[in-house]
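In what follows, a structure is listed as structure tokens, so that the remarks can point back to it.
FYI, it's all coordinate maths here, none of it is from the lab. In this text the structure is predicted, and so the values were computed from the model without any measurement. Quick reminder, even Gly has a Cβ in these numbers, built from the backbone with ideal geometry, and neighbours come from all protein chains shown.
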């Protein structure tokens with residue numbers, strides 16, 4: 001009886017051992033298959049990643065070539081477009097994005113930029129009214145001396161500034177605003193009348209109402225007004241200018257934006273150009289007639 005039980009136990013042990021062996025063997029086989037599949041997948045992903053890197057490198061190289069070409073060609077296309085013209089640029093203090101590109105574009109086109117840099121919104125008239133300023137505006141505002149200035153006074157100052165920009169010679173209102181630090185004039189000796197105006201000024205994320213008031217007066221006198229901003233810094237000036245009925249460009253810091261700006265300021269095109277969702281196109285049609 002003992003031998004039979006021993007024999008049965010031995011058989012059970014053998015079957016258990018076979019079962020465990022089969023299970024372990026299956027696991028090992030499955031792991032080997034999964035390992036092979038994982039290795040194949042990793043190789044495939046690495047190849048795709050390498051191809052993506054190559055495509056990106058090719059794309060970057062192509063973009064750099066295109067930008068270099070545009071940078072070289074735009075000055076040729078715009079040369080002489082603003083020859084002998086003074087172009088006013090209305091900008092806020094501290095502005096760097098887009099301003100240098102705008103000044104350079106005007107100069108490359110043969111124009112003279114006259115930069116008016118406002119130190120605060122509404123030319124600071126909300127906090128201080130220059131002592132001599134009311135007298136320069138006529139009897140109507142002779143008693144206006146305490147800030148904040150009312151809207152009629154602000155509009156009168158803006159109109160006076162615009163009128164001075166449209167005339168050659170002395171500019172007493174601008175001189176008074178400069179004297180109290182409300183505005184800085186890039187070239188204090190500039191006395192030529194302006195042919196166009198580029199608006200860039202903004203404060204606290206909003207277009208400067210005083211600069212827009214000046215632009216409205218200029219626009220009413222058939223002066224070309226263009227709102228400009230850089231793609232790197234959205235200020236709302238471009239859209240606001242379009243709402244005012246002016247032309248605009250929202251990527252003046254790019255070669256295409258430089259081209260658009262000069263085409264607009266020179267009167268060769270009108271509209272809204274740039275990279276914004278509301279822009280009509282990236283840049284105006286060339287409309288160049290071959291010789």
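Measuring max minus min along each principal axis, the C-alpha atoms of the range 84-273 give extents of 49, 34, 27 Å (largest first).
Extension gain, residue 139 to residue 233: 0.36 nm times the residue separation minus the Cα-Cα distance gives 29.6 nm. Using only Cα coordinates, the Kirkwood hydrodynamic radius of the range 197-290 works out to 13.0 Å.
With the simple spin-label model, which puts each label point 7 Å out from Cα in the Cβ direction, the residue 222 to residue 178 separation comes to 2.9 nm. Here is the tail figure for the range 57-150: Cα pairs spaced more than 22 Å apart come to 56 percent of all pairs. Over the range 151-244, the hull volume per residue, using the convex hull of the C-alpha atoms, is 114 Å³.
Report the calculated FRET efficiency for residue 60 and residue 131 (r = Cβ-Cβ distance, R0 = 41 Å), to the nearest 0.05. Efficiency, from the Cβ-Cβ distance: 0.10.
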